[in-house]
């Protein structure tokens with residue numbers, strides 16, 4: 001497990017376009033992915049300990065965002081025969097098991113992850129209604145033990161976006177397992 005940080009992407013960067021499908025073949029087109037106030041997009045997977053630890057928080061925050069007109073997408077870039085837990089079939093099982101209420105998409109070619117300059121799982125992006133990046137950081141200050149969280153940066157950013165308030169420009173990168181790139 002190689003630990004990496006998300007890269008520094010300038011706030012205000014426009015979201016790259018993509019067309020991806022979920023494990024059931026349902027297509028998502030980036031141009032239509034946004035809610036009235038924005039989009040929360042998370043590159044994640046099933047096997048990484050960092051991603052597994054924050055999945056329950058991402059699901060809760062996703063529900064919170066969706067209740068306030070921010071759509072949510074999760075994208076799995078780890079479609080790699082060396083990681084069978086991240087296969088589309090396993091994704092389908094996780095969607096049911098974890099009751100994921102938003103699309104969990106397959107980045108089969110890893111082009112979408114490359115276009116976003118995603119580095120790790122989880123790698124978190126929050127966009128406003130103009131499709132501009134307003135947050136690219138961690139979920140909170142304790143990925144390992146949710147009971148010890150003191151600062152919920154992602155929730156604060158979502159709340160600021162909902163309320164039309166400025167989101168702090170100082171953002172702490174997410175950490176996680178490296179994306180399992182195929183050459």
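The numbers here are math on the coordinates, done by the rules we state, and not lab data. Note that the coordinates shown come from a computational prediction; the quantities given were computed from them, not determined experimentally. For neighbour counting, all protein chains shown are included, and Cβ atoms are generated from backbone atoms with ideal geometry for every residue, glycine included.
With the simple model of a label 7 Å out from the Cα in the direction of the Cβ, residue 159 to residue 89 spans 4.4 nm.
Applying 1/(1 + (r/R0)^6) with r as the Cβ-Cβ distance of residue 182 and residue 150 and R0 = 30 angstrom yields a FRET efficiency of 0.20. One quarter of the surface of the convex hull around the alpha-carbon atoms of the stretch 97-160 equals 6.0 nm², the direction-averaged projected area.
Running a GNM on the chain with Cα contacts under 10 Å, which residue among 93, 21, 138 ends up with the highest mean-square fluctuation? In this elastic network of the chain, the residue with the biggest mean-square fluctuation among 93, 21, 138 is 93. Shape class for the chain: rounded, because the ratio a/c of the largest to smallest gyration tensor axis (alpha-carbon atoms, square roots of eigenvalues) is under 1.5.
Residue separation of residue 67 and residue 13 scaled by 0.36 nm, minus their Cα-Cα distance, works out to 16.9 nm of gained length.
Full extension of the chain between residue 81 and residue 3 gives 26.0 nm of extra length, using 0.36 nm per residue less the Cα-Cα distance.
Sequence-distant contacts, meaning Cα pairs under 8 Å at least 6 residues apart, place the relative contact order of the chain at 32 percent.
Under the shape rule built on the C-alpha gyration tensor, where the axes satisfy a ≥ b ≥ c, the stretch 67-138 is oblate, since a/c reaches at least 1.5 while a/b does not exceed b/c. Treating r as the C-beta distance of residue 60 and residue 175 and R0 as 22 Å, the FRET efficiency rounds to 0.65. Note on 17, 155: ascending count of other Cβ atoms within 10 Å places them as 17, 155, the fewest first.
Overall, the anisotropy analysis places the stretch 1-69 in the rounded class: the square-rooted eigenvalues a ≥ b ≥ c of its C-alpha gyration tensor yield a/c less than 1.5. Residue exposure proxy: 81, 136, 131, ordered by other Cβ atoms within 10 angstrom of their Cβ from fewest to most, comes out as 81, 131, 136. For the stretch 162-183, the residues whose amide N sits under 20 Å from a probe point set 7 Å from the Cα of residue 98 along the beta carbon direction are 174-181.
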